[in-house]
Amino acid sequence: MDHRAGVDEVGRGCLAGAVFAAAVILDPARPVAGLTDSKKLTAKRREALAGDIETRALAWCVARAEPSEIDRLNILQASLLAMRRAVAGLALRPAAVQVDGRHAPDLPMPVETVIGGDASVPEIAAASILAKVARDREMQLLDRLVPGYGIAVHKGYPTAAHRQALRNLGPSPWHRRSFRPVKETLRD
């Protein structure tokens, strides 16, 4: 049977933390009800769906690209790297891959980009949920490791509070130094 994987990433616009990507091959015999764009779901609903996806999918993998890789490659290339890692980590090799958005990673199988795929393609929606849940969990941990930035609240995005914390504290080891709001706070 030819399996199709859905792929999505989360965290491209953040100032801190890794960019996460997930790849999911759903099992047609064990559908997961309620799949949609992770941004349209509450955190509690995403957590519940993530458990269902992990239990029912034929294969899934969450991967990442670190802040140092983001700074070295740029955020787009790091996102594509995380996507390649997610697909490579699947227990089953997909015959084809569908990716949310305009940019496709270089993969050894056909890849289709789908604008708004996280809201219209169940496999991509499942990937968006797994990536978001994994990243949010890491942001909770990061908040405990580097208190004072409010990362548990803003998840690393460039909110006014996060930018103020950067000005007050300077960047942590997990901040993306190539991003302008972080670069502006680097002290010589």
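Being closer than 13 Å to Val10 by Cα, in a loop (DSSP other than H, G, I, E, B) and touching a residue at least 24 places away in the same chain (Cβ under 8 Å) is the requirement here; does Tyr149 meet it? I'd like the intermediate steps shown before the answer.
Details: closer than 13 Å to Val10 by Cα: no; in a loop (DSSP other than H, G, I, E, B): yes; touching a residue at least 24 places away in the same chain (Cβ under 8 Å): yes.
No: the conditions fail for Tyr149.
When each of Val7, Val87 is tested for being among the hydrophobic types (A, V, I, L, M, F, W, C), at pLDDT 95 or above and in contact with an Asp or Glu (Cβ under 8 Å, 6 or more places away or on another chain), the lone residue that passes is Val7.
Reported count of residues in the stretch 31-63, each being within 20 Å of Pro94 (Cα to Cα) and out of contact with any Leu (no Cβ under 8 Å at 6 or more places or on another chain), is 3.
Of everything in the stretch 138-169 that's among the basic types (Lys, Arg) and surrounded by 14 or more Cβ atoms within 10 Å (Cβ to Cβ), which residue is farthest from the chain's Cα centre (by Cα)? Looking at the filtered set, the residue picked out is Arg163. When the residues of the stretch 1-22 are narrowed to those that are over 10 Å from the mean Cα position of the chain (by Cα) and of a type in the set (Gly, Ala, Ser), which ends up nearest to Ile75 (Cα to Cα)? My answer is Gly13.
Does the stretch 42-53 contain at least one residue that is surrounded by 17 or more Cβ atoms within 10 Å (Cβ to Cβ), in contact (Cβ under 8 Å) with a residue 24 or more places away in the chain and at positive phi? Checked the stretch 42-53: no residue is surrounded by 17 or more Cβ atoms within 10 Å (Cβ to Cβ), in contact (Cβ under 8 Å) with a residue 24 or more places away in the chain and at positive phi. Filtering the stretch 15-34 to residues that are among the aliphatic types (A, V, I, L, M) and more than 30 Å from Lys183 (Cβ to Cβ) leaves Ala23, Val24, Ile25, Leu26, Ala29, Val32, Ala33. For the criterion of being farther than 20 Å from Gly156 by Cβ, part of a loop (DSSP other than H, G, I, E, B), touching a Cys at 6+ places or on another chain (Cβ under 9 Å) and in contact (Cβ under 8 Å) with a residue 60 or more places away in the chain, Leu90 passes. I'd like to check something: does the stretch 156-174 contain any residue that is outside any helix (DSSP H, G or I), out of contact with any His (no Cβ under 9 Å at 6 or more places or on another chain) and among the charged types (D, E, K, R)? Within the stretch 156-174, none of the residues are outside any helix (DSSP H, G or I), out of contact with any His (no Cβ under 9 Å at 6 or more places or on another chain) and among the charged types (D, E, K, R).
The values are calculated or read from the model by the stated rules, or taken from the named source; none is laboratory data. Keep in mind that this is a model prediction, so the values were computed, not measured. When we count neighbours, we look across all protein chains shown, and the Cβ atoms used for this are built from the backbone with ideal geometry, even at glycine.
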